[in-house]
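Everything below concerns the one structure shown next.
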Amino acid sequence: MELKISSQSQGDCAVVTVRGEIDLYTAPQLRSGLVDALDDGARRLVVDMSRVEFCDSTGMSVLLSVMKRAREKDGDLELVAPKPAVRKILEVTGLDAVFTVADSSDALHAAAESSPSA
């Protein structure tokens with residue numbers, strides 16, 4: 001399955017929408033899309049996972065490495081609305097305690113509006 005990535009920036013926050021499956025073959029594309037958003041000035045990456053059908057360990061590794069890169073810039077990476085299959089991987093690996101995971105984009109946008117911008 002093909003991976004599609006789109007990004008929309010709002011100040012120092014970029015909302016990155018990911019569609020498809022994240023695996024060994026598509027993980028480099030995900031890394032590129034997320035790193036491009038950071039390089040374009042975003043410090044906070046909000047990754048909309050609502051249309052991701054599958055994410056393997058390679059994809060999780062990309063998310064972790066980009067989160068580390070964002071935190072080095074005093075930013076963060078947050079996951080929004082992962083499907084049950086992706087959420088289960090997060091829970092089994094313990095990564096649900098590492099990432100900020102929001103159930104819906106509404107909850108995350110509300111948090112973004114209430115947080116002070118730097």
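The values are calculated or read from the model by the stated rules, or taken from the named source; none is laboratory data. Note that the structure is a prediction, hence the values are computed from the model and not measured. Quick reminder, even Gly has a Cβ in these numbers, built from the backbone with ideal geometry, and neighbours come from all protein chains shown. When the accessible area is computed, the model is the full protein with side chains, heavy atoms only, and any ligands, DNA or RNA have been set aside. Shrake-Rupley method; radii C 1.70, N 1.55, O 1.52, S 1.80 Å.
Screening the range 47-61 for residues that are acidic (Asp, Glu) and under 12 Å from residue 82 (Cα atoms) and picking the one that is least open to solvent (accessible area, probe 1.4 Å) gives 48. On inspection, residue 17 passes the criterion of being at negative phi and under 12 Å from the mean Cα position of the chain (by Cα). Of everything listed in (1) touching a Leu at 6+ places or on another chain (Cβ under 9 Å); (2) under 17 Å from residue 101 (Cβ atoms); (3) hydrophobic (A, V, I, L, M, F, W, C); (4) in a helix (DSSP H, G or I), the single unmet condition for residue 38 is (2).
When every residue of the range 5-16 is checked against the conditions, none turns out to be in contact (Cβ under 8 Å) with a residue 24 or more places away in the chain, open to solvent by less than 40 Å² (accessible area, probe 1.4 Å) and within 16 Å of residue 90 (Cβ to Cβ).
Under the condition of being open to solvent by less than 70 Å² (accessible area, probe 1.4 Å) and closer than 19 Å to residue 68 by Cα, the residues counted in the range 23-42 number 10.
Among the listed residues 63, 79, 24, 30, identify the single one that is at pLDDT 95 or above and in contact with an Asp or Glu (Cβ under 8 Å, 6 or more places away or on another chain). Step by step, each of 63, 79, 24, 30 is checked, and only 24 is at pLDDT 95 or above and in contact with an Asp or Glu (Cβ under 8 Å, 6 or more places away or on another chain). It is to be established whether one or more residues within the range 77-89 are open to solvent by 20 Å² or more (accessible area, probe 1.4 Å), among the β-branched types (Val, Ile, Thr) and free of Cβ contacts under 8 Å to residues at least 12 places away in the same chain. The answer is no; no qualifying residue exists.
For (1) under 16 Å from residue 82 (Cα atoms); (2) hydroxyl-bearing (Ser, Thr, Tyr); (3) outside any strand (DSSP E or B), each residue gets a yes or a no:
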site	(1), (2), (3)
2	no, no, yes
6	no, yes, no
9	no, yes, no
24	no, no, yes
28	no, no, yes
33	no, no, yes
45	yes, no, no
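Which one is modelled with the lowest pLDDT, of the residues in the range 90-106 that are within 17 Å of residue 51 (Cα to Cα) and open to solvent by less than 90 Å² (accessible area, probe 1.4 Å)? Here the answer is 105.
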